[in-house]
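Notes follow once the structure below has been shown.
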Amino acid sequence: MVRSSRAFGRRHLHEATANRQAGGKPQARFKSDRPCALTEGAACGNLLRHVAKYMKAFMSLTKALADETRVRMLMALRDGELCVCQITELFGLAPSTVSKHLSILHQAGLVESRKTERWVYYRLPGKGAPATVRAGFAWVNKSIEGDGRIQADTKRLKNILSIDPTELCQRRCPK
C-alpha cells in the first residue's frame with residue numbers, strides 16, 4: 001500500500017538518512033535497480049515511463065469504446081462522413097448529447113471533423129491514424145458487425161441520407 005501522507009515521507013527520509021549515516025546504501029523503496037523479466041533486461045522504470053506515456057491515449061480510447069451509443073456512431077460512420085444533424089436524427093438524441101459523444105470520440109482520435117458553413121461533418125480517420133486507433137476500430141467492426149442494432153441503424157441511415165441535411169437541421173433545430 002502506497003501512502004502519500006507527510007508522515008510517511010518524513011519516515012522514509014529519516015530511514016534513508018539513517019542508512020546513509022551507518023555507511024549503508026540508501027534503500028530504494030519504490031524503484032528497482034534490478035532488470036525486469038518482462039522487459040528482457042531493461043529496467044522496470046523504463047517500462048513504467050513507457051506505460052505512463054501511452055496511458056492517457058489508451059484510457060481515452062477505452063472510454064470512448066465503453067459506451068454503446070458511441071460504438072453505434074462509429075459503425076454509422078463506416079461508409080462515409082455524416083453531418084451532426086444526420087447523426088442526431090439517426091439516434092434520436094438531443095443535439096447536446098450527440099455533441100458530447102462525438103467530442104469523446106474525437107478526443108480519442110476515433111473520428112475527425114470538419115466544418116462547412118453551419119454544418120459539422122464527422123468521419124473515421126484515414127490511414128494516417130495511430131495504429132492503436134486503427135486496431136481498436138478493426139476490433140469493434142469485427143466484433144459487432146452482425147449485431148441487430150447495427151443492421152437496423154444501417155437501414156435507417158439509408159433513409160436519413162436521402163433527406164437534405166438542411167431539412168434535417170430545420171426539423172431538429174427550428175428557429
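The set of residues in the range 91-122 being closer than 20 Å to R149 by Cα, not in a helix (DSSP H, G or I) and not aliphatic (A, V, I, L, M) consists of G92 alone. Go through (1) without any contact (Cβ under 8 Å) to a residue 40 or more places away in the chain; (2) closer than 28 Å to Y54 by Cβ for G136 and report which single condition fails. Going through the list (1) without any contact (Cβ under 8 Å) to a residue 40 or more places away in the chain; (2) closer than 28 Å to Y54 by Cβ, G136 breaks only (1).
Answer yes or no as to whether E145 is acidic (D, E) and surrounded by 16 or more Cβ atoms within 10 Å (Cβ to Cβ). Here the answer is no, as E145 does not meet what is asked.
Apart from one condition, Q107 fits all of (1) touching a strand residue (DSSP E or B) at 6+ places or on another chain (Cβ under 8 Å); (2) at pLDDT 90 or above; (3) farther than 13 Å from R78 by Cβ; the exception is (1). Per the conditions (1) more than 23 Å from G92 (Cα to Cα); (2) of a type in the set (S, T, Y); (3) more than 17 Å from the chain's Cα centre (by Cα), the sole criterion not satisfied by Y121 is (1). The residues of the range 131-145 that are at pLDDT below 85 and either out of contact with any helix residue (DSSP H, G or I) (no Cβ under 7 Å at 6 or more places or on another chain) or not in a helix (DSSP H, G or I) (or both), listed by number, are A131, E145. Residues to consider are L93, L74, L82; find the one that is surrounded by fewer than 19 Cβ atoms within 10 Å (Cβ to Cβ) and among the hydrophobic types (A, V, I, L, M, F, W, C). Going through L93, L74, L82 in turn, just one is surrounded by fewer than 19 Cβ atoms within 10 Å (Cβ to Cβ) and among the hydrophobic types (A, V, I, L, M, F, W, C): L93. Within the range 152-166, at least one residue is farther than 18 Å from E81 by Cα and surrounded by fewer than 14 Cβ atoms within 10 Å (Cβ to Cβ). Residue pairs, Cβ under 7 Å, 6 or more apart or interchain, first in the range 113-130 and surrounded by fewer than 15 Cβ atoms within 10 Å (Cβ to Cβ), second aromatic (F, W, Y). List them. The qualifying pairs are S113/Y121; S113/Y122; R114/Y121.
The values are calculated or read from the model by the stated rules, or taken from the named source; none is laboratory data. Computed from a prediction, not measured in an experiment: that's the story for all the values here. Glycine gets a Cβ as well: all are built from the backbone with ideal geometry, and neighbour counts include every protein chain shown.
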